[in-house]
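Right, one structure below, let's go through it.
The values are calculated or read from the model by the stated rules, or taken from the named source; none is laboratory data. Values in this document were obtained by computation on a predicted structure and should not be read as measured data. Glycine gets a Cβ as well: all are built from the backbone with ideal geometry, and neighbour counts include every protein chain shown. The area values use the complete protein model at the heavy-atom level, side chains included, leaving out ligands, DNA and RNA. Shrake-Rupley method; radii C 1.70, N 1.55, O 1.52, S 1.80 Å.
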Amino acid sequence: MPKRLINKIKSIVKASRAPKRLKAVIIHADKHSFDPNSASPGAIKVVNTLTDAGYEAYLVGGCVRDGLLGLTPKDFDVSTNAHPEEIKALFNRNCRLIGRRFRLAHIRFGREVIEVATFRGHHSTSSDKQQSSTSDHGMLLRDNVFGSLDEDAIRRDFTANALYYRPKDNAIIDYVNGFEDIKNRHLRIIGDPKVRYQEDPVRMIRAIRFSAKLGFQLSPESEAPIKEQSELLGLIPAARLFDEVQKLFMAGVAVTVWERLLHYDLAQWLFPLSVPNKNLHPGANAMITQAMINTDERIASGKSVTPAFFYAVMLWGPLQVNWHQLQKDGIPPVPALQQAAQRVLQQQAQRTTIPKRFVATIREIWELQPRLTRRHIKRAQQLIEHPRFRAAYDLLLLREAAGESDTNLGEWWTEFQHADATTQQALAADHSQPKKKRRPRRRRPAKSQPQ
Ligand code: ATP
Ligand code: MG
């Protein structure tokens, strides 16, 4: 065969294997509402420094999406064709390279951290196992194949998260119809939903988070495989899930998120002990629902919510079941509570790693519950000074609201903590137990000695 023909065939084969280039839609400044002044000056500086050095760089993801929706972005992400080492060389001491599965750069400006990721390419065309690898379940274990801007766009999760903002001319670059989807409030996964959830099952809980938080309709194709593939979430390492769970429940829509996680059978992979069919302590589910309502209210009024309190509530039911069982087995209440806490926290940590500092606080909140039943003046005054009193008291109120106890203990503590010393004395006196008289010890009859 003539060489020319061979080369032609080769080039046709090569072209058919090469991924199709997508065409971008450019949305110019007069056609969108993204306000450059609302963007973090740090993020704009990162983009400008990269472009001045000859690289391509854009704002991307949640900050562009939220900017278009008139919301305040939580953080700013930048996407560039500069490789991690090149970014490091440019920003030097302010830059730290992180991540193995997904390598990226963190650039620090005072307290703000800008996340800079190199454009991702098609991992299917890469044979380099160092940069890209997939598990037997189709899960991406490593995603470090670099590519072009259009390839980067379709590697992102949802169309609404795949818009790029170019500060130089205030333009938005859209390869996936994300701009229209945002306008119509649609959340749509990019590509084949089944495959994209297989590649990274965390995308299923991100679908729940974004649809709930933004009030977007999850498209039918993006929704369809979730329930069926929910168990894939069980493959995600516990270390990655703590942060995702934080974001899920701290987005101000915890009530909806929990309902949907249960609906799609995802909840059991995050809180296996807390789902209704496992959490059999009476009132525990009502308590979880009430905690979600309170969390949303606190976030709406700008207050903080600590992960420790959240976990203390989620695991209260399982803790009780274990605590009672251990006491039935003959272990005294205090060590039984400690052992039950150990058990429950260990089981939870198989699904979401809980950082040590939170574990200590969760235990304290639980261990304060029996102490709250003692209303002796000195002890009560000490207890309200305890750094975890507030959280323990909040948990007590939730337990009572869920019908766990009818002693009005919560009400008593509400009064006591705000009262002056005299009122505190009176409150405590009402509940002081008459001192038990010590009964004289009965002598045991002497055991008859064997003859
Ligand atoms: P927010 O910061 O408000 O939680 P976000 O969309 O910015 O939302 P990040 O987790 O900060 O979410 O991620 C930044 C961007 O990176 C996303 O918008 C998306 O384009 C991409 N991304 C994040 N996680 C994934 C994932 N698991 N799969 C594909 N793309 C992802
Ligand atoms: Mg973000």
Task: residue 56 long-range amide H proximity, modeled H, under 5 Å - done: 81, 82
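May I ask you to give the percent of accessible area on the chain that is carbon plus sulfur, with a probe radius of 1.4 Å?
On the way: 12570 of 24910 Å².
The C+S portion of the solvent-accessible surface of the chain is 50 percent.
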Task: Overall form of the stretch 284-430 per C-alpha gyration tensor (a/c, 1.5; a/b vs b/c) - done: oblate
TODO: May I ask for the angle, rounded to the nearest 10°, between helix 333-349 and the longest principal axis of the chain, with both axes built from Cα atoms and the value confined to 0 to 90°?
DONE: 10
TODO: Enumerate the amide H contacts of residue 146 below 5 Å, restricted to partners 5 or more residues apart or on another chain; note that Pro and chain-start residues carry no placed amide H.
DONE: 121
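For the stretch 284-430, what is the accessible area per residue in Å², given a 1.4 Å probe and the full set of protein chains?
I get 51 Å² per residue for this part.
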TODO: At 7 Å along the Cα-to-beta-carbon direction for both residue 247 and residue 29, put a label point, then send me their distance in nm to one decimal.
DONE: 3.1
- [ ] Kindly express, to the nearest 10 degrees and within the range 0 to 90, the angle between helix 284-300's C-alpha long axis and the longest C-alpha principal axis of the chain.
- [x] 60
Task: Relative contact order %, the stretch 15-194, counting alpha carbon pairs below 8 Å whose residues are six or more apart - done: 23
Open item on the list: 5 Å is the cut-off here: which amide hydrogens, built 1.01 Å from N in the peptide plane, fall below it relative to residue 163, excluding neighbours closer than 5 in sequence?
Closed with: 61
TODO: Give me the aspartates and glutamates in straight-line cross-link reach of residue 168: C-alpha distance below 12 Å, same-chain residues under 8 apart excluded.
DONE: 52, 56
- [ ] Could you work out how far helix 409-418 tilts from the main Cα principal axis of the chain, as a 0 to 90 degree angle to the nearest 10?
- [x] 80
TODO: Using Cα centres only, tell me the gap between the stretch 168-183 and the stretch 215-287 in whole Å.
DONE: 30
Task: 3J(HN,Hα) from dihedral phi, the stretch 369-376, Karplus parametrisation 6.51/-1.76/1.60, rounded to Hz, x for glycine, proline - done: 4, x, 5, 5, 7, 8, 10, 5
Task: Simple label model, 7 Å out from Cα along Cβ direction - residue 286 to residue 408, nm - done: 1.9
TODO: Rounded to whole Hz and in sequence order, give me ³J(HN,Hα) for the stretch 192-205 from the Karplus expression 6.51 cos²θ - 1.76 cosθ + 1.60, θ = phi - 60°, writing x for Gly and Pro.
DONE: 7, x, 4, 5, 5, 6, 5, 4, 8, x, 4, 4, 5, 7
